[in-house]
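Notes to accompany the following structure.
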Amino acid sequence: MTRAERSGLTAALTVLFPALALSAGIPHAVCRTSGDRPETGLSGETTAAEIDAGAPALGFKCNADLVGQYQGEGASWQLTAWQKCAYFDQRHPGNPGSTNEAHPGVAVVNVADPTHPTPSTWLNSPAMIDPWESVKVNPARQLLAGGQRPLNASSPGDGFSVYDISADCTQPVLKSAVVLPGSFGHSGQWAPDGKTFYITPLRASPSIIAVDVTDPTNPAEIPGGLFTFPPPPADGGVCDDCLANSTLHDLEFSKDGNTAYITMFGVGSNNGFAILDVSDFQQRRANPKYRVISQLIWDDGSFGAQNALPITIAGNPYILFTDEAGAGFLGAAACLQGISANGFPRLIDISDPAHPVVVSKIQLDVADPANCVHMTTAPVVATQTTLADGGVVETTGPFFFGHSCHYCNVDNVDDAKIAACNCFASGFRVFDIHDATNPKEMAYYKPPAQGAKALPGSWYANFTTPATYVRQFDWSTSKPSFPKDRNATTGDIWTTSQDNGFMVISLFSEVTVSPASASVKLGGTTTLTATVTGAASTAGVTWSVQEGGSGLAISPSGVVTGQIIGTFHAVATSILDGTKQASSAITVTEPGLPPVNSTSSGCSASPGAGISFLAIPLALLLWRKRRRRS
């Protein structure tokens, strides 16, 4: 089926089932005419034809370029960063798979030269051997921390480590490695002031653990901070600390640390989002309690709630929410009306915290319900089963994660325009979200498939069996890092994928203005055309005058009016990427003298009857000259 045919099918389904309108795949990125390696099938998909042609070994890209890479031994689930340093976890060497990891623990990478990222050390305290998704930096205090994820049901998961990265981010200094009784690491996040770290174990009990890190050398559980949320009362009674689902995944916070935005991990109708009042813990009040402000659940095939990032778009507050799984791994029978095979991001309006509302779904084609059945057979993971008679059966499928989006981040949480998401087998994807109700795809980078290469630090490389299975995908899972996250004003996006390790990705955009120069009379107008190509082409430009003042007036559509005589520069700036600009030199001149035949009544003289203004003074000069001679 061609893209045009798929678009027609989606339109037809939308007419038949209006509820699917919000669930249609978003517009595709428009790739460069040269230099890109675009996907040929559904957005986010690697097709069978592409695999047969060997295309995954080169990877796929659209408006995005690899600047630098440190593959190392592979990566695991998370990335965090500060200044010139990146920190990412690696697979626990005790997990099934390779035991040959040379440097287990959290890798510290010096990115002072983005074209040549270089490891500086590895953090190997008990919690940092496998902090899973909990390894996070706190910018306010320049601390790095993480909770220990249990290796298995009988191994410890109560370790917690804190490192100081303020003096030299390339050489974190261990401040503490403690045991928190009853804790289990998996995910977690700092309160913005860096005095509290919340661990979320991804277990029904406990749901959450609040840790006092005021003294980073002596972190301790806050009394009442280790808590399991009870279910709502069966009689529908009031309960201010009850949740539809007590299994929490990751979480984020308001700037004052008083509000937590959490994810309730479920499959089906108990998957969703909640807003908590955690001010008792933030303010260190006696007898603290968690209080539920609101909760929102859905059952559209996107589940495995992962993260809830608070952002502001055009002055309004939203949550950028991600689900790490979809119904595809359950098979074609799960593809009911409106059900997605893969998890996808969504934007939730929280203008009224008591009543959050989903305003858009950011769905690649692989998450479009119209493609659900097709995506249930994607050969992302292989499993080898030995039968009773000694025979071996190898099966492939999308597994739980498939092509779902695990984590997203934005260019500026206070004025978000661009979202970058890591979407497992769909790779690194970039979206235009400056209009929260109309997201569009801008760019993508699906790193080269690593085949059967041994990568002991990669979860993905060691998850598939047998080890000789040729991997045609990679798992992109970490939270991407924009420059603003790491206290930088410029730079590219940092990310990891499990087989390709750490990568620096640059987005291509370009702005041109035509004509490059123009002349306009005082009070007159001319029209300029701004063209945006590359990633930022999904949005237009804003116009300004380089010299400031009132020399020119420029409308949003590029109509220029000359207001002061002189030369000025009309500047077109990309709405999505303020570093991309182009200009046109506009010269404003004096207005020309009107022709003689121009009258206030609007009448015109007959042909040959008009005399130019220049002829009158010439005739007078000739008359005076003859008079002198006479």
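The values are calculated or read from the model by the stated rules, or taken from the named source; none is laboratory data. Just so you know, these numbers come straight off a predicted model, no measurement behind them. All Cβ positions, glycine included, derive from the backbone under ideal geometry; neighbour counts span all protein chains shown. Side chains included, ligands, DNA and RNA excluded: accessible areas come from the protein's heavy atoms. Shrake-Rupley method; radii C 1.70, N 1.55, O 1.52, S 1.80 Å.
See the values below:
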read-out	value
Unique residue being in a helix (DSSP H, G or I) and either more than 20 Å from the chain's Cα centre (by Cα) or over 15 Å from residue 422 (Cβ atoms) (or both) when the list is 93, 56	56
Filter pass, residue 437 being of a type in the set (Ser, Thr, Tyr) and open to solvent by 30 Å² or more (accessible area, probe 1.4 Å)	yes
Index of the failed condition, residue 572 passing every other in (1) open to solvent by 10 Å² or more (accessible area, probe 1.4 Å); (2) under 28 Å from the mean Cα position of the chain (by Cα)	(1)
Residue check, residue 75 outside any strand (DSSP E or B), open to solvent by 60 Å² or more (accessible area, probe 1.4 Å) and either small (Gly, Ala, Ser) or without any contact (Cβ under 8 Å) to a residue 40 or more places away in the chain (or both)	no
Scan of region 359-380 for residues that are of a type in the set (A, V, I, L, M) and open to solvent by less than 40 Å² (accessible area, probe 1.4 Å), ordered by number	359, 362, 364, 366, 367, 370, 375, 378, 380
Cβ-Cβ under 7 Å pairs, at least 6 apart or on other chains, region 224-245 side β-branched (Val, Ile, Thr), far side open to solvent by 40 Å² or more (accessible area, probe 1.4 Å)	228/205
Neighbours by Cβ (under 8 Å, 6+ apart or cross-chain): first from region 567-580, part of a strand (DSSP E or B); second open to solvent by 30 Å² or more (accessible area, probe 1.4 Å) and of a type in the set (Phe, Trp, Tyr)	570/543; 571/543; 572/543; 573/543
Which listed residue, of 161, 176, is over 26 Å from the mean Cα position of the chain (by Cα), free of Cβ contacts under 8 Å to residues at least 40 places away in the same chain and not in a loop (DSSP other than H, G, I, E, B)	161
Residues satisfying the stated conditions in region 252-280, i.e. on the phi > 0 side of the Ramachandran plot and open to solvent by 10 Å² or more (accessible area, probe 1.4 Å)	268
Among (1) among the polar types (S, T, N, Q); (2) more than 12 Å from the chain's Cα centre (by Cα); (3) not in a loop (DSSP other than H, G, I, E, B), the one test that residue 438 misses	(3)
Of residues in region 192-218 being touching an Asp or Glu at 6+ places or on another chain (Cβ under 9 Å) and open to solvent by less than 10 Å² (accessible area, probe 1.4 Å), the one nearest to residue 246 (Cα to Cα)	200
Wholly within region 507-555, strands (runs of 3 or more DSSP E) carrying at least 3 residues that are open to solvent by 50 Å² or more (accessible area, probe 1.4 Å), more than 18 Å from residue 575 (Cβ to Cβ) and in contact with a Ser or Thr (Cβ under 8 Å, 6 or more places away or on another chain)	517-521
Among the candidates 344, 399, residue that is open to solvent by 20 Å² or more (accessible area, probe 1.4 Å), part of a loop (DSSP other than H, G, I, E, B) and in contact with a helix residue (DSSP H, G or I) (Cβ under 9 Å, 6 or more places away or on another chain)	399
Tally, over region 29-58, of residues that are farther than 28 Å from residue 249 by Cα and either surrounded by fewer than 18 Cβ atoms within 10 Å (Cβ to Cβ) or of a type in the set (D, E, K, R) (or both)	19
Residue check, residue 187 of a type in the set (S, T, N, Q), in contact (Cβ under 8 Å) with a residue 24 or more places away in the chain and crowded, with 18+ Cβ neighbours inside 10 Å	yes
Residue check for residue 80: in a loop (DSSP other than H, G, I, E, B) and modelled with pLDDT of 95 or more	no
Verdict on residue 349 being open to solvent by 20 Å² or more (accessible area, probe 1.4 Å) and closer than 29 Å to residue 411 by Cβ	yes
Identity of the residue in region 135-163, of a type in the set (D, E, K, R) and within 19 Å of residue 88 (Cβ to Cβ), that ends up most open to solvent (accessible area, probe 1.4 Å)	149
Close pairs (7 angstrom Cβ cut-off, 6 or more residues apart or separate chains): surrounded by 13 or more Cβ atoms within 10 Å (Cβ to Cβ) in region 97-124, of a type in the set (Ser, Thr, Tyr) and assigned to a loop (DSSP other than H, G, I, E, B) anywhere	108/170; 110/170; 120/170
Residue 531 without any contact (Cβ under 8 Å) to a residue 24 or more places away in the chain and among the β-branched types (Val, Ile, Thr)	yes
Condition broken by residue 170, with the remaining ones in (1) part of a loop (DSSP other than H, G, I, E, B); (2) open to solvent by 20 Å² or more (accessible area, probe 1.4 Å) satisfied	(2)
In region 173-184, residue nearest to residue 211 (Cα to Cα) [restricted to those that are open to solvent by less than 60 Å² (accessible area, probe 1.4 Å) and not small (Gly, Ala, Ser)]	180
Test: residue in region 415-422 that is in contact (Cβ under 8 Å) with a residue 24 or more places away in the chain, buried (at least 20 other Cβ atoms within 10 Å of the Cβ) and in contact with an Asp or Glu (Cβ under 7 Å, 6 or more places away or on another chain)	yes
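The rows are residues; the columns are (1) assigned to a strand (DSSP E or B); (2) out of contact with any Lys or Arg (no Cβ under 8 Å at 6 or more places or on another chain); (3) farther than 27 Å from residue 307 by Cα.
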position	(1), (2), (3)
44	no, no, no
99	no, yes, yes
140	no, yes, no
146	yes, no, no
